[in-house]
Amino acid sequence: MSAVQPLASAKSQIFESLLWFLPDWVQNTVLVLIILAVLATWIIKLRNKIVGRRALRQAQTQPVPAAAQYDQGSGADHLGPYAPRQTQPQQPSGADFLGAYAPQRRPEDGTA
């Protein structure tokens, strides 16, 4: 059984073989750009985590609004100028327009 482990992964070998054809200054520039990209993603993740923690902390210090009371109204009642316009009352439809073809109402069976 062999105890030899490969020194580099296949991805790094492919990366090195691609850079091997380039001049040294290009290789160094590419490596620096990759390192900067990794550092930038770490910084952005850290910044987002800090902003999230600050938002949670700030939300905990703000008072909780009181629960809505009965007959206080709902969200649509408080929309103000953004509320949908009131439509006109429902126009009759369906059987209301059948006229002579509408089914005749029968007298109710019940007490006379």
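The values are calculated or read from the model by the stated rules, or taken from the named source; none is laboratory data. Quick caveat, the model's predicted, so the values are computed rather than measured. Cβ coordinates were reconstructed from backbone atoms using ideal geometry, including for glycine residues, and neighbour counts include every protein chain displayed. Areas reflect the complete protein model, heavy atoms only, side chains present, ligands, DNA and RNA absent. Shrake-Rupley method; radii C 1.70, N 1.55, O 1.52, S 1.80 Å.
Here are some notes:
- Sub-6 Å Cβ pairs linking a first residue in segment 21-42 that is open to solvent by less than 70 Å² (accessible area, probe 1.4 Å) to a second residue that is aliphatic (A, V, I, L, M), at least 6 apart or interchain, are 27/19, ordered by first then second residue.
- Sole exception among (1) exposed (fewer than 10 other Cβ atoms within 10 Å of the Cβ); (2) at pLDDT 70 or above for residue 90, by number: (2)
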